[in-house]
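FYI, it's all coordinate maths here, none of it is from the lab. The structure displayed is predicted, hence computed values, not measured ones. All Cβ positions, glycine included, derive from the backbone under ideal geometry; neighbour counts span all protein chains shown.
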There are 2 protein chains.
Amino acid sequence: MAVGTQGAVKLLTPDEVRGVGIEVVLANAYHLMLRPGAQVVEALGGLARFSGWDGPTTTDSGGFQIFSQPELVRVSEEGVRFTSHIDGARVFLSPERAVEVQGAIGADLVMCLDECLPYPVERSRAAESLERTLRWAARCREAHARAGRAQALFGIVQGATYRDLREEAAERLVEIGFDGYAIGGLSVGEGPAVLREVLDWTAPRLPEGRLRYLMGAGTPEDLLAAIGLGVDLFDCVLPTRNGRSATAFTRFGRLRLRNARHARDDSPVEEGCDCPCCKRFSRGYLRHLFLAGEGTAGALLSLHNLRFYARLMHEARRAICGSRFASFCREFLAGLASGGSAGE
Amino acid sequence: MAVGTQGAVKLLTPDEVRGVGIEVVLANAYHLMLRPGAQVVEALGGLARFSGWDGPTTTDSGGFQIFSQPELVRVSEEGVRFTSHIDGARVFLSPERAVEVQGAIGADLVMCLDECLPYPVERSRAAESLERTLRWAARCREAHARAGRAQALFGIVQGATYRDLREEAAERLVEIGFDGYAIGGLSVGEGPAVLREVLDWTAPRLPEGRLRYLMGAGTPEDLLAAIGLGVDLFDCVLPTRNGRSATAFTRFGRLRLRNARHARDDSPVEEGCDCPCCKRFSRGYLRHLFLAGEGTAGALLSLHNLRFYARLMHEARRAICGSRFASFCREFLAGLASGGSAGE
C-alpha cells in the first residue's frame with residue numbers, strides 16, 4: 001500500500017501511483033476526521049471517489065498518530081481525548097466513534113482503535129494497555145457489526161516487545177474474530193532484530209486464511225523478513241519520504257542523489273528499472289532538481305521508490321508461488337548489500 | 001510555452017505537461033548557467049534530453065532575471081557583472097557569453113542578452129539603455145553566426161514605454177535581422193493598458209513572416225489582446241504559480257480554491273474541461289489538499305491552468321483561421337467577466 005495520509009500520496013496523482021503498480025492506498029482517519037472532516041469526505045463520495053483512487057482503499061484508525069503526541073493525550077476506558085494538532089480543538093475518539101468515522105470516510109478496509117506505546121516500555125504498562133486495546137477491539141467489532149457497512153475490519157495486535165503479551169494479543173483477537181489482522185506498535189525504534197522477533201511470535205498465531213498486515217514497516221530488508229514470516233500487506237512512508245529527500249532505493253542499495261558524484265552522471269537511478277523516472281531522467285538531472293529545490297524531483301523519485309517497493313512485492317509473490325522464496329531473498333539481499341555499480 | 005525556469009515545470013513531469021497540450025518549454029539560461037552549469041547540461045545531452053522534453057525548447061538569456069536584482073548588478077558596454085543569488089559568486093555575462101552559454105545548454109530557440117529596465121523609468125535612461133541593448137543585439141547576432149549552431153536566435157525589442165524608442169528598437173532589430181522577435185521589458189507593473197499600447201506601436205513593425213514573442217505575459221485578457229495585435233508566442237508563470245497558490249483560471253473567471261464555499265462542492269474546477277484535474281477531482285477535494293499543504297494540489301491545479309492556457313491558444317488559432325477572431329474574443333472575454341456558475 002502507498003501512504004496517502006491526508007487523501008493524496010504526496011506530490012503524486014492517482015494515475016501516477018497506479019502506473020507504478022501500487023494497488024492500495026492508505027489514508028489516516030485521524031487526519032481526515034480533523035480536516036476536512038469525515039462528513040465532508042462522505043459527502044464528496046467517500047474516500048475512493050474523493051481522492052480519485054479507483055482501487056481498494058484503507059484507513060488507519062489514527063491510534064498511532066494520536067499516541068505519537070503523548071503530551072496532547074488523555075486515555076480512559078471510554079476512549080482517548082486529545083488536542084487537534086491543527087487548531088488545538090479538544091477531540092474525543094472512542095472505539096465506537098473510530099468505527100463510525102471510518103464508516104463515513106468509507107475505505108474498503110478499516111482498523112480498530114488501538115493504543116500505541118513508545119519503545120521501550122515497561123511490562124506492566126504494556127500489559128495494562130494491551131488489556132484496554134483488546135477491550136476496545138471487542139467494542140470496535142461490535143460497533144462494526146451493528147453498522148452493517150461493507151467494510152473489512154482488522155484487529156491490531158499490540159503487546160510491545162513482550163512475547164507472552166504478543167501471543168496473548170494474537171490469540172484473543174482471533175477469538176473475537178476479524179476479517180484480517182494487523183501487527184501494530186512496531187517501527188517505533190525497536191530495530192530490525194526486535195521487529196523480526198515480534199513477528200516470529202505473532203504471525204504464526206494468526207489464521208492462515210486471513211490477511212496479515214504489518215503496520216508502518218519498513219525497509220526492503222524488513223519487508224523480505226516479514227514476508228518470510230507470513231506477512232501479506234504493508235504500508236510505509238519510506239518510499240515517498242525518502243523520494244522527497246533525494247534518497248533512492250535500488251536493487252544495488254540506496255543512492256543519495258544529492259551526492260556530487262552524480263553531477264554529470266547520465267545513467268538512470270536504477271539500471272533496468274521500468275519506472276517513469278528511470279526511463280527518462282538521469283541522476284545528473286535529478287541531482288540538479290533536488291539542489292534547485294524543484295518539487296518535480298521529489299515526485300519523480302517517489303515514483304521510482306514506489307515502483308521499487310511494488311516490484312519487490314510482486315517478485316516476492318512470484319517467488320513464493322514458484323517455491324523459491326528463500327533463494328529469491330538471498331539474491332535480493334545480496335544485491336542490496338553489493339553496492340554494485342549503483343549503490344553507495 | 002510553459003515556464004520551466006530551472007529545467008522543470010514546477011511540480012510536474014514532462015508527460016503531464018505534454019498531456020495538457022503544451023508544445024514548448026522555456027528554461028532560463030541565467031539559472032542554468034549558475035546551477036548546474038551550462039557545461040553540465042551539455043554533458044547530459046542538452047536541455048531537451050536533460051529535462052526529458054521531447055518537443056521544442058527555449059532559453060531566455062537571463063537579462064530579465066539579472067536586472068531584477070539591480071543592487072547586485074553593474075552594467076558596462078562590455079556586458080553585465082552580477083552576483084550569483086545562489087552562492088554570491090561574481091559572474092560576468094557579455095552578449096557573446098550569453099550566446100555561448102545558451103549554445104551549450106542547447107535549446108532550439110535562444111534569446112539575445114538585453115538590459116531590462118524597471119517601470120517607470122525616465123526617457124533618457126531608457127534611450128541610453130536601448131542603445132546598449134541594440135549594440136548587444138548586433139554582437140549576439142555576430143557571435144551566433146560565428147558559432148554556427150542550429151539554434152534560432154531572437155532579438156528583443158526594448159524601449160520602455162516610449163513610442164519612438166519602441167519603434168526605433170523594432171526597426172533597428174529588423175535591420176540586424178533575426179529569426180524572430182521578442183517584445184521584452186513588459187509585465188513589470190505597467191498595467192494592461194500600457195502593455196497594449198506598447199504592443200500596438202511595436203508588433204506592426206516586426207516582419208509578418210517571423211514569430212513575435214511577448215515575454216512574460218500575461219493574463220488571459222492580455223493574451224487575447226496581444227494575439228489580436230499579432231503576437232504568436234507567450235511564456236508566463238501565471239498558470240503554474242497561480243496553480244500552486246490555489247487560484248484556478250476558468251472560462252467563467254478565476255476561482256480561489258481555498259474559499260470555504262468549495263468545502264463540499266463536488267463539481268470540477270471548470271465544467272467541461274478535459275484536463276486530468278477536472279476529469280477526476282472535485283473542488284472540495286482540491287480545497288482540502290490545499291488547506292492540508294499537499295503538493296499534489298498544486299500539481300493538479302497547475303495542470304488545469306496550463307490546459308486552460310493551451311486551450312485558449314488553440315482556440316484563438318482556430319478562430320483566426322476561421323476569420324472569426326473578433327467574435328471569439330468577445331465571447332471569451334464575456335465568459336471571463338461573467339462569473340457564471342463557476343467564477344468568483
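Compute the angle between helix A:191-202 and the longest alpha-carbon principal axis of chain A, please, reported from 0 to 90 degrees and rounded to the nearest 10.
Taking Cα atoms only, the helix is inclined about 50 degrees.
What residue of chain B has the nearest C-beta to the axis that moves B onto A, and what is that distance in Å, given as a whole number?
Whole-Å result, nearest residue of chain B to the axis: B:295, 3.
Two decimals, Cα atoms only, Kirkwood Rh: what is Rg/Rh over the protein assembly as shown?
So for the protein assembly as shown, dividing Rg by the Kirkwood Rh gives 1.05.
Rank the residues A:162, A:285 as a footprinting-exposure proxy: fewest other Cβ atoms within 10 Å of their Cβ go first.
A:162, A:285
Just name one of B:157, B:195, B:106: the one whose Cα is farthest towards the positive end of the charge dipole of the range B:60-236 (beta-carbon charges, Lys/Arg +1, Asp/Glu -1).
My answer, from the dipole projection, is B:106.
Kirkwood Rh over alpha-carbon pairs of chain B, then Stokes-Einstein at 25 °C and 0.890 mPa s: what D in µm² s⁻¹, rounded to an integer?
Diffusion coefficient, whole number: 118 µm²/s.
One-quarter of the Cα convex hull surface for the range B:60-236, in nm²?
9.7
Give or take rounding to whole Å, what are the principal axis extents of the alpha carbon atoms in the range B:230-278, in descending order?
So the extents along the principal axes, rounded to whole Å, are 42, 22, 19.
Nearest-5 percent of antiparallel DSSP beta bridges in the protein assembly as shown?
35
Would you mind counting up the charge near residue B:328? Only other residues with Cβ under 15 Å from its Cβ, with Lys and Arg at +1 and Asp and Glu at -1.
+3
Checking the a/c ratio against 1.5 first, then a/b against b/c, what shape does the Cα gyration tensor give for the range A:289-344?
Judged from the Cα gyration tensor, the range A:289-344 comes out oblate (a/c at least 1.5, b/c at or above a/b).
Where does helix B:95-105 land angle-wise versus the long Cα axis of chain B, in degrees 0 to 90, nearest 10?
Relative to chain B, helix B:95-105 is tipped by roughly 50 degrees.
Is it possible to state the helix-based mean residue ellipticity at 222 nm for chain A, with each DSSP H run of 4+ residues giving -39500 (n - 2.57), the sum divided by total residues, to the nearest 500 deg cm²/dmol? What is it?
Result for chain A, helices only: -14000 deg cm²/dmol.
Only four residue types carry charge here, +1 at the Cβ of Lys and Arg and -1 at the Cβ of Asp and Glu. Report the dipole size of the protein assembly as shown about the Cα centre in Debye, rounded to the nearest 20.
40
Over all directions, what mean area does the Cα convex hull of the range B:1-111 project, stated in square nanometres?
Approximately 6.7 nm², given one-decimal rounding.
Test of understanding: ordering A:178, B:328 by Cβ neighbours within 10 Å, fewest first, what list do you get?
The order, fewest Cβ neighbours first, is B:328, A:178.
Under a Cβ-Cβ limit of 4.7 Å, which cysteines in the protein assembly as shown have nobody to pair with?
A:116, A:236, A:275, A:277, A:321, A:329, B:116, B:236, B:275, B:277, B:321, B:329
Over the range B:241-338, what lengths in whole Å, largest first, do the semi-axes of the equivalent ellipsoid take, defined as the square roots of 5 times the eigenvalues of the alpha-carbon gyration tensor?
Ellipsoid half-lengths, sorted descending, are 27, 13, 10 Å.
In straight Cα distance, which aspartates and glutamates are under 13 Å from residue A:10, not counting same-chain residues fewer than 8 positions off?
Those aspartates and glutamates meeting the cut-off are B:294.
Would you work out the charge dipole size for the range B:241-344 about its Cα centre, treating the Cβ of every Lys and Arg as +1 and the Cβ of every Asp and Glu as -1, and quote it to the nearest 20 debye?
For the range B:241-344, the charge dipole is close to 200 debye.
Need one number: convex hull volume per residue for the range B:214-298, Cα atoms only, in Å³.
99
Where does each of A:157, B:20 land when they are ranked from fewest to most other beta-carbon atoms within 10 angstrom?
Ordered from fewest to most neighbouring Cβ atoms within 10 Å, A:157, B:20 come out as B:20, A:157.
Could you size up the charge dipole of the range A:37-149 around its Cα centre, putting +1 on the beta carbon of Lys and Arg and -1 on that of Asp and Glu, and report it in debye to the nearest 20?
160
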